[in-house]
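What follows is a single structure, and I will ask about it in a moment.
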């Protein structure tokens, strides 16, 4: 493989591994705010216990997320020197804003969140939790803004010529509010809420199946279910709005997402299928004219297809883009069905008697993670062959001094290190889950006994 493909694989590996953790931090942070807010409102100690438990897991995800994110910044300089020079002013301003407005807020309150339980008042600790969560939200803002600028550049002009050309910001707020940033940001935020909520539901479903921490788990599961239900429905809306934006700003990407080639024909919307790039056909199950209807309100209106673009300006891996996109959509619909079914049982007071459904939730923790990854892959591969859409090709963004052997070596090394880190994460996460929500003090043992007695009496 050549340097371009190897460098893309290496960066994809780095981003994909890193992106496991920030969505969990954002989602868990939101649920922790909800839990602590309930404690302040009700004075029920059980909400304090669940918030403290999930703070320990939040600390684990936050720490690994920070460590793995640093690697990407170095890769901009080692593998993508031309790209770094071209977008340095744009990315530099966005990353500086993240440090000033987001990371400073997170780190400023993180110590109180982790170590202030018995040192500050509950109200002050709640403010710290809120600050850390807002910091993680703001961090996502600036990362998504920088990435969205690559998709839909705005608020800039080009200085220099040829290989010395670079983008220079002329309007900071036009860069921030570029045509795709808001749609993509809301989509990312809601995906993060789903990742956090499904982790909470998975853990507490497991506790309920093992008859452990029953009262606490029922309340925590209910909180996470409400968040997941609202987020899964909202994700459907933001996804539709984002697709409309892609149709306006990146029509080649939209055509690849649905495997649409003929610009004179209406575009079908597929549930599943397989794209034959050579024959320009999709074999699968779909709704004839479905995409045309979603975009124009008419089943017969033509949609711009891949044949409207020169071969060198189309995404090369059309079938991969198609598959990742439809995997994301399928999982999104699955989460909607799963959460709405669970709400139905919850309203009827029979949710926690459905052991088969609880077992589904134990393993459903992977659903939002897979959907988040698939969505990013579809978005980034659909942008190809451009690293900055319409301005800088990926093949022109590489570092001239880097060889294929060097990238091979670093790729293997990163794979080994990330495998170790992921194994360590799973080990520590499993250890914290097995330890449970309570510290082993006399008071906590008393609470556990009281909880068990209440559970038995309610049964």
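Among the residues that make up segment 355-376, is at least one of them more than 26 Å from residue 316 (Cβ to Cβ), over 27 Å from the mean Cα position of the chain (by Cα), surrounded by fewer than 20 Cβ atoms within 10 Å (Cβ to Cβ) and in contact (Cβ under 8 Å) with a residue 60 or more places away in the chain?
Within segment 355-376, one or more residues are more than 26 Å from residue 316 (Cβ to Cβ), over 27 Å from the mean Cα position of the chain (by Cα), surrounded by fewer than 20 Cβ atoms within 10 Å (Cβ to Cβ) and in contact (Cβ under 8 Å) with a residue 60 or more places away in the chain.
Only one residue in 82, 61, 55, 68 is at pLDDT 90 or above, within 30 Å of residue 409 (Cα to Cα) and either assigned to a helix (DSSP H, G or I) or within 19 Å of the chain's Cα centre (by Cα) (or both), so which one is that?
The match here is 61.
Right, another one. Exactly one of (1) at pLDDT 90 or above; (2) touching a strand residue (DSSP E or B) at 6+ places or on another chain (Cβ under 8 Å) is unmet by residue 380. Its number?
Unmet for residue 380, out of (1) at pLDDT 90 or above; (2) touching a strand residue (DSSP E or B) at 6+ places or on another chain (Cβ under 8 Å): (2).
Taking residue 242, is it under 24 Å from residue 384 (Cβ atoms) and in a helix (DSSP H, G or I)?
yes
Is it the case that segment 390-411 has a residue that's at pLDDT below 60 and assigned to a helix (DSSP H, G or I)?
No.
Another question, if that's okay. Could you check segment 107-126 and list, in sequence order, the residues that are free of Cβ contacts under 8 Å to residues at least 40 places away in the same chain, in a helix (DSSP H, G or I) and touching a helix residue (DSSP H, G or I) at 6+ places or on another chain (Cβ under 9 Å)?
If the condition is that a residue be free of Cβ contacts under 8 Å to residues at least 40 places away in the same chain, in a helix (DSSP H, G or I) and touching a helix residue (DSSP H, G or I) at 6+ places or on another chain (Cβ under 9 Å), then 107, 108, 109, 111, 112, 124 are the ones that fit.
Which residue, of 300, 307, is in a loop (DSSP other than H, G, I, E, B) and either out of contact with any helix residue (DSSP H, G or I) (no Cβ under 6 Å at 6 or more places or on another chain) or closer than 15 Å to residue 247 by Cα (or both)?
300
For residue 280, state whether it is surrounded by 15 or more Cβ atoms within 10 Å (Cβ to Cβ) and either over 18 Å from residue 321 (Cβ atoms) or free of Cβ contacts under 8 Å to residues at least 40 places away in the same chain (or both).
Here the answer is yes, as residue 280 does meet what is asked.
Please find, among 173, 133, the residue that is buried (at least 20 other Cβ atoms within 10 Å of the Cβ) and part of a helix (DSSP H, G or I).
133
Within segment 331-354, work out how many residues are buried (at least 16 other Cβ atoms within 10 Å of the Cβ) and either closer than 25 Å to residue 373 by Cβ or in contact with a strand residue (DSSP E or B) (Cβ under 8 Å, 6 or more places away or on another chain) (or both).
Looking only at that region, the number is 7.
Only one of (1) without any contact (Cβ under 8 Å) to a residue 12 or more places away in the chain; (2) in a loop (DSSP other than H, G, I, E, B) is not met by residue 237, so which one is it?
In the conditions (1) without any contact (Cβ under 8 Å) to a residue 12 or more places away in the chain; (2) in a loop (DSSP other than H, G, I, E, B), residue 237 misses (2) alone.
Determine whether residue 144 is modelled with pLDDT of 90 or more and either under 19 Å from the mean Cα position of the chain (by Cα) or outside any helix (DSSP H, G or I) (or both).
Judged against the criteria, residue 144 is a match.
The values are calculated or read from the model by the stated rules, or taken from the named source; none is laboratory data. Please read these numbers as outputs of a predicted model, since none were measured by experiment. Glycine also receives a Cβ, built like all others from the backbone with ideal geometry; neighbour counts cover every protein chain displayed.
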